[in-house]
Amino acid sequence: MDKLQQFSAPLGRLLLSIIFIFAGVGKITDYVTTQGYMESVGVPGMLLPLVIAFEVLGGIAILLGYKARPIAFLFAGFSIVSAILFHQFWTDESQMISFMKNISIAGGFLMIFSHGAGAYSIDNKR
């Protein structure tokens, strides 16, 4: 069981981080549209560079298990706020699924916050 647990931590970090790394890169390639969408829900478009940096750099940090606990805590909050702002679940079923996806991701990040990065991480090598 120990070996399975050792490999589940880096796999879990990969699965949680990859969505944010790809989303951040996607926001770079479709910057104007993303900025407009943010502004349409009342989020200042000038925050987009910070969002991109957080998603890409924070995603890489989670992937590598570097400063995983504080970054995971920030990602949990980011996921909850994003769910509330961008996925009005009361409008239709697809929005409910996206809302719940974000809430579930927040739960995964809270597990990292609680238990740490696990085996095969930069944090564990310190």
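The values are calculated or read from the model by the stated rules, or taken from the named source; none is laboratory data. Small disclaimer: the values here were computed from a predicted structure and weren't measured. We place every Cβ from the backbone using ideal geometry, glycine too, and count neighbours over all the protein chains shown. Surface accessibility is based on the protein's heavy atoms, side chains included, excluding ligands, DNA and RNA. Shrake-Rupley method; radii C 1.70, N 1.55, O 1.52, S 1.80 Å.
Of everything listed in (1) assigned to a helix (DSSP H, G or I); (2) at pLDDT 95 or above; (3) under 30 Å from LYS125 (Cβ atoms), the single unmet condition for TYR66 is (1).
When you go through ASP2, ASP30 one by one, which is the residue that is within 16 Å of HIS115 (Cβ to Cβ), free of Cβ contacts under 8 Å to residues at least 60 places away in the same chain and charged (D, E, K, R)?
Details: ASP30 fails: within 16 Å of HIS115 (Cβ to Cβ).
The unique qualifying residue is ASP2.
Against the list (1) within 30 Å of LYS3 (Cβ to Cβ); (2) within 17 Å of the chain's Cα centre (by Cα); (3) modelled with pLDDT under 95, the condition LEU85 fails is (1).
Taking the range 20-38 as the range and being exposed (fewer than 15 other Cβ atoms within 10 Å of the Cβ) and either in contact with a His (Cβ under 9 Å, 6 or more places away or on another chain) or not small (Gly, Ala, Ser) (or both) as the test, the residues that pass are PHE22, VAL25, ILE28, THR29, ASP30, TYR31, VAL32, THR33. Scanning the range 39-56 for residues that are in contact (Cβ under 8 Å) with a residue 12 or more places away in the chain and surrounded by 15 or more Cβ atoms within 10 Å (Cβ to Cβ) turns up VAL43, LEU48, VAL51, ILE52, PHE54, GLU55, VAL56. Is it fair to say TYR31 is under 30 Å from GLN6 (Cβ atoms), at pLDDT 95 or above and aromatic (Phe, Trp, Tyr)? Answer is no for this residue.
Every residue, every condition in (1) assigned to a helix (DSSP H, G or I); (2) under 19 Å from the mean Cα position of the chain (by Cα), yes or no:
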position: LYS3; (1), (2): yes, no
position: PHE7; (1), (2): yes, no
position: ARG13; (1), (2): yes, yes
position: ILE19; (1), (2): yes, yes
position: PHE22; (1), (2): yes, yes
position: THR34; (1), (2): yes, yes
position: GLU39; (1), (2): yes, no
position: GLY42; (1), (2): no, no
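For ILE122, the conditions (1) open to solvent by less than 50 Å² (accessible area, probe 1.4 Å); (2) touching a Gly at 6+ places or on another chain (Cβ under 7 Å); (3) under 25 Å from GLY12 (Cβ atoms); (4) not charged (D, E, K, R) all hold with the exception of (1).
Taken as a whole, the structure places SER98 among residues that are closer than 17 Å to ILE18 by Cα, more than 12 Å from the chain's Cα centre (by Cα) and assigned to a helix (DSSP H, G or I). Applying the set (1) open to solvent by 70 Å² or more (accessible area, probe 1.4 Å); (2) part of a helix (DSSP H, G or I) to PHE89 leaves exactly one unmet item: (2).
For the range 92-114, the set of residues classified as out of contact with any Gly (no Cβ under 9 Å at 6 or more places or on another chain), surrounded by 13 or more Cβ atoms within 10 Å (Cβ to Cβ), within 18 Å of LEU15 (Cβ to Cβ) and free of Cβ contacts under 8 Å to residues at least 60 places away in the same chain consists of SER98, MET100, LYS101, ASN102, ILE103, LEU110, PHE113, listed by residue number.
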